[in-house]
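Data block below; observations after.
Read the figures in this text as sums done on the coordinates, not as results from a lab. Being a predicted model, the structure only gives us computed values, none of them experimental. Quick reminder, even Gly has a Cβ in these numbers, built from the backbone with ideal geometry, and neighbours come from all protein chains shown.
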Amino acid sequence: MSTSLFLVQMLNGLQLGVLLFLIAAGLTLVFGVMDFINLAHGVQYMIGAYLAAMFVGWTGNFWIGLALTLPAALMVGLVLERAVFRRLYGREHLDQILATFGLILFLNESVKVIWGAAPLSVPTPDLLSGNVRLVGGVLYPVYRLALIGAGLLVALGLAWLVNGTRVGMLVRAGASDAPMVAALGVDIRQLFARVAGFGAMLAGFAGALVAPIQSVEPGMGDNLLILAFVVIVIGGVGSVRGAFLGALIVGLVDVLGRAFGVPALKLVLSGSVASQAARSLAPMLIYIVMAGVLFWRPSGLFPAKS
């Protein structure tokens, strides 16, 4: 195993972890504060990518398109909260799952009607095009490094927002005891709407960031939604810190497991058996980690303080 290859795969794992954090942070706040299971959160990631493709195409500038995508994704989240989610608060989780699953089907078909079924692409901004030379002479795209940096900055900003502002205090209090917060005179519906809208904006931001390096197509958020729920289980429901660290764990385990599973198993198994076993085990690694966490820490590694 070369140092350069390991470094590249570590960066790929960090990139996946950052994207998962942007999705899981909003999802864990919605679940922790509102006790609401939103399966449509992955669709909001997809909508963010489509909005970025549309605005970049209209303006011809990636940065202006990104700036327009954020408030548009926020508005989509607020509309969904008012039209659909608000009617599901306090109902059984099964009702929430069925309703938001129906919303997934509706929105996936809607983007096909609006933008077509063919994949769309977003050009990489000129400022972040090109590559940097890593250890061993390996080239790595500048945009992917910028994506990692943007995710880390968002994580720091979100940590300050949740732990250092009055809105964050209300969010943390709502996650611990929403009825008590409402009894103290806080408009809990308005708080829920803010959390849902902000979570949608984070998911849309993740979709906009990934648009230049991945095809924008219907259903692109479905698989990431599953990984986001794994992140929440590992990190702890309602915990932003848990979402961040859990996302990094999932991203690194998934990427490194797929990249180095075969060489690792060849140390103890023959070549063909190792290859077959690695292909079977690699997709399961994050779920094995999740099962271990549930066994030892049922509330997650970093649960929200109550």
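Results, tabulated for the structure shown:
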{"read-out": "Among V122, V195, V84, residue whose mean-square fluctuation peaks in a GNM of the chain (springs only between Cα atoms under 10 Å)", "value": "V84"}
{"read-out": "For M46, M75, M290, order by how many other beta-carbon atoms lie within 10 Å, fewest first", "value": "M75, M290, M46"}
{"read-out": "For the chain: relative contact order, % (alpha-carbon pairs under 8 angstrom, 6 or more apart)", "value": "35"}
{"read-out": "Sequence-distant residues sharing a close amide H with G238 (under 5 Å, placed H)", "value": "G32"}
{"read-out": "Tilt relative to the chain, helix 62-83 - C-alpha long axis, 0 to 90 degrees, to 10", "value": "50"}
{"read-out": "Likely footprinting exposure, L285, L139, L245, fewest C-beta neighbours within 10 Å first", "value": "L139, L285, L245"}
{"read-out": "Cα-based convex hull, the chain, per residue volume (Å³, whole number)", "value": "149"}
{"read-out": "J(HN,Hα) series, region 138-147, from Karplus relation 6.51 cos²θ - 1.76 cosθ + 1.60, nearest Hz, glycine and proline x", "value": "6, 8, 9, x, 5, 4, 5, 5, 5, 4"}
{"read-out": "Karplus-derived 3J(HN,Hα), 6.51/-1.76/1.60, for each residue of region 122-129, Hz, glycine and proline x", "value": "10, x, 5, x, 4, 4, 10, 7"}
{"read-out": "Residue order, fewest to most surrounding Cβ atoms within 10 angstrom, among D95, D35", "value": "D95, D35"}
{"read-out": "In degrees, nearest ten, helix 271-281 long axis to first principal axis of the chain (Cα)", "value": "0"}
{"read-out": "Karplus-derived HN-Hα couplings along region 45-58 (A = 6.51, B = -1.76, C = 1.60, θ = phi - 60°), whole Hz, x at Gly and Pro", "value": "4, 4, 5, x, 5, 5, 4, 4, 4, 5, 5, 5, x, 5"}
{"read-out": "Net charge contributed by nearby residues that have their C-beta within less than 15 Å of L152 (K/R +1, D/E -1)", "value": "+2"}
{"read-out": "Built amide H within the under 5 Å cut-off of N131, gap 5+", "value": "V142"}
{"read-out": "Region 1-141 - Kirkwood radius from inverse mean 1/r over Cα pairs (Å)", "value": "17.7"}
{"read-out": "Nearest 10 degrees, 0 to 90: helix 285-296 Cα axis against the chain principal axis", "value": "60"}
{"read-out": "Cα gyration tensor category, rounded, prolate or oblate, for region 90-235 with a/c compared to 1.5", "value": "oblate"}
{"read-out": "Those GluC sites (Glu not before Pro) in region 25-134 that DSSP places in a loop and that have at most 10 other beta carbons within 10 Å", "value": "E92"}
{"read-out": "Positive-end extreme of charge dipole, the chain - chosen from N131, V76, A206 (charges on Cβ)", "value": "N131"}
